[in-house]
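Following: one structure in C-alpha cells, then a few remarks.
The numbers here are math on the coordinates, done by the rules we state, and not lab data. Just so it is clear, the structure is predicted and the values come from calculations on it, not from any experiment. Glycine gets a Cβ as well: all are built from the backbone with ideal geometry, and neighbour counts include every protein chain shown.
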C-alpha cells in the first residue's frame, strides 16, 4: 500500500494505491473516489460490541467501509470532513490513543477500539473520548488545520488543550484537568487541558473546532420572531 497526501495542509486529500487484492478500511463518508474494479463491503468491524462502542463512545460511525482491490490493484481517494491536514503513521509495536473524529483510514492489520478517559466536565464541552489504534500497518488521521508533531523524552512534560489534541502514544502518562481555578475555567476561554508525560509522541492540530464554533455561533443570524 502506498499513500500520497496532496494539497497539504489546508484541504488535504489522501491518494491510496492498493496492491492486488489488498484491503483498506475507511471511515464512513471519507471516500472521495476510487478506480474501477474496487469492491466495497460495509460491516461492523471487530464485531457488534466493538462497533457499538466506537459509535456511542468514540463518535465514529457504527459501520466501516472495507475496500478491496482487484487482481490488477486499484486506487482509493480519501478526505476528512473538515478543512485540514492528513497524516500517515506506520504502526509497528506502538499503540496510539486517537481523538474521536480524527480516524480516516487504515490497513487491515490495524484495529480500532474505544477507550474512555473519563474526562467530562460541567464547565467545558470537550470530553476526552479516545480511540485506541493498535496492530501493524499504515494509519491515516485527520486534523482541523495543520498537524504538528511533538516528541517528548522520558519524564518530559507538556500541556495541550484537548481541543487541539489529535493523538498520543498510549504508554505516555496523562492527566486531564481544567485550566487554573473556577474563574479561569469560566472566563479565560479555555476548557480542559491534558498534561502529558514522555516518552512518546504527540500529534496536535493548529485549530480547534470548539474555538471556531464559539466564534461562529454568535455571528449566525437569529430567527425572526413573528
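Among 12, 93, rank each residue by its count of other Cβ atoms within 10 Å, from fewest to most, as a rough exposure measure.
93, 12
May I ask you to derive the FRET efficiency for residue 66 and residue 224 from their Cβ-Cβ distance with R0 = 45 Å, giving the value to the nearest 0.05?
0.40
Return the FRET efficiency for the residue pair residue 21, residue 82: r is the Cβ-Cβ distance, R0 is 30 Å, and the value is rounded to the nearest 0.05.
0.40
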